[in-house]
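Worksheet: the structure to be examined is printed underneath.
The values are calculated or read from the model by the stated rules, or taken from the named source; none is laboratory data. No experiment lies behind these values; they were computed from the predicted model shown. Here the Cβ is made from the backbone with ideal geometry for all residues, glycine too, and neighbour counts use every protein chain on show. All accessible areas refer to the heavy atoms of the entire protein, side chains included, with ligands and DNA or RNA removed. Shrake-Rupley method; radii C 1.70, N 1.55, O 1.52, S 1.80 Å.
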Amino acid sequence: MSFELYKNKYEQKGYGVEYPDGHVIRFYERILKYKLNKTSGKLLDFGCGNGTHAKYFKDKGFKVFGADIVPSLQEKWNKNVGDDSKYFNIRNETKLEDIIDEKIDVIFANQSLYYLPKDILEQRLSSFYNICNENAIIFASMMSSKNYYYAHSSKSDGWFRSVKLDGRLKENCEIHFINTQKELEETFSLFKPLFVGDYDPINFYDFEGSAHHFIFIGQK
Ligand SMILES: C[S@@+](CC[C@H](N)C(=O)[O-])C[C@H]1O[C@@H](n2cnc3c(N)ncnc32)[C@H](O)[C@@H]1O
């Protein structure tokens, strides 16, 4: 589902942020740089989209890798990030351990992991753990049930909810929502929580509503 949705979005609608999101800049400036003194190393951007965030981290001094399910993103990645930085076109069946042969220092998964079925998310988290150096950092954002997507969703299979949006975004997708901070920490329990929070860049109460996401920042 997310494959078809994003293939269509990137190829026909030209979806993708052009500049890094504010919470990503704050993650780098406040957490990686100021709190953890981590300004270099290898960073994997999982669900990297068009590579805008990977390019930001590359400019800051990281060696970046990107992974996404949309094959045509390779072209956007090469243009935005440079073909000296590796883009991996993955399917849910692809094992990250088989394709990434360097140890990673930062896993960055912005607004991508909530599209994964339960078993795949569990496999991905365990792969993240395996491909990381000791003390590596993970950043993951998860859509919360305060998000307006939730208001347009109905129960699907107990893990996903089916979302149907008209208007600006006009899409059908399946999302796994996180309800509480406790649930977030349980989801990422392979990693030691360092900073747990949330962001809601915009909330037009009478228009779309909240864009609330949780953020988990943890350490191996
Ligand atoms: C909301 S976009 C976020 C893109 C990028 N991380 C950003 O911050 O701009 C979600 C991304 O997750 C990717 N994605 C969706 N399902 C995926 C899956 N099962 N495995 C890997 N990537 C996936 C999509 O193709 C898309 O690029």
Those residues of region 101-112 which are open to solvent by 20 Å² or more (accessible area, probe 1.4 Å) and within 16 Å of ILE175 (Cβ to Cβ) amount to GLN111
Those residues of region 132-152 which are part of a strand (DSSP E or B), open to solvent by 30 Å² or more (accessible area, probe 1.4 Å) and of a type in the set (S, T, N, Q), in sequence order: ASN133, ASN135
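Somewhere in region 13-29, is a residue in contact with a strand residue (DSSP E or B) (Cβ under 7 Å, 6 or more places away or on another chain), hydrophobic (A, V, I, L, M, F, W, C) and modelled with pLDDT of 95 or more?
There is at least one residue in region 13-29 that is in contact with a strand residue (DSSP E or B) (Cβ under 7 Å, 6 or more places away or on another chain), hydrophobic (A, V, I, L, M, F, W, C) and modelled with pLDDT of 95 or more.
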Hey, can you tell me all the residues within region 23-73 that are away from the ligand (no atom under 12 Å from the Cβ), within 23 Å of ILE99 (Cα to Cα) and part of a helix (DSSP H, G or I)? LYS58
If we keep just the residues of region 1-31 that are free of Cβ contacts under 8 Å to residues at least 60 places away in the same chain and touching a helix residue (DSSP H, G or I) at 6+ places or on another chain (Cβ under 8 Å), which is least open to solvent (accessible area, probe 1.4 Å)? TYR28
All but one of (1) open to solvent by 60 Å² or more (accessible area, probe 1.4 Å); (2) of a type in the set (Phe, Trp, Tyr); (3) under 17 Å from GLY47 (Cα atoms) hold for TYR115; state the number of the condition that does not hold. (1)
Exception for TYR129 within (1) of a type in the set (Phe, Trp, Tyr); (2) open to solvent by less than 30 Å² (accessible area, probe 1.4 Å); (3) in a helix (DSSP H, G or I) falls at (2)
Inter-residue pairs, beta-carbon under 7 Å, first outside any loop (DSSP other than H, G, I, E, B) and in region 193-212, second aromatic (Phe, Trp, Tyr), 6+ apart: PRO193/PHE216; VAL196/PHE216; ASP198/PHE214; GLY209/TYR148; SER210/TYR148
Checking HIS53 against (1) under 21 Å from LEU116 (Cα atoms); (2) in contact with a helix residue (DSSP H, G or I) (Cβ under 9 Å, 6 or more places away or on another chain); (3) without any contact (Cβ under 8 Å) to a residue 60 or more places away in the chain; (4) surrounded by fewer than 16 Cβ atoms within 10 Å (Cβ to Cβ), which test does it fail? (4)
Which numbered condition ASP98 misses (of (1) under 28 Å from ARG161 (Cα atoms); (2) open to solvent by 50 Å² or more (accessible area, probe 1.4 Å); (3) free of Cβ contacts under 8 Å to residues at least 60 places away in the same chain; (4) not small (Gly, Ala, Ser)): (1)
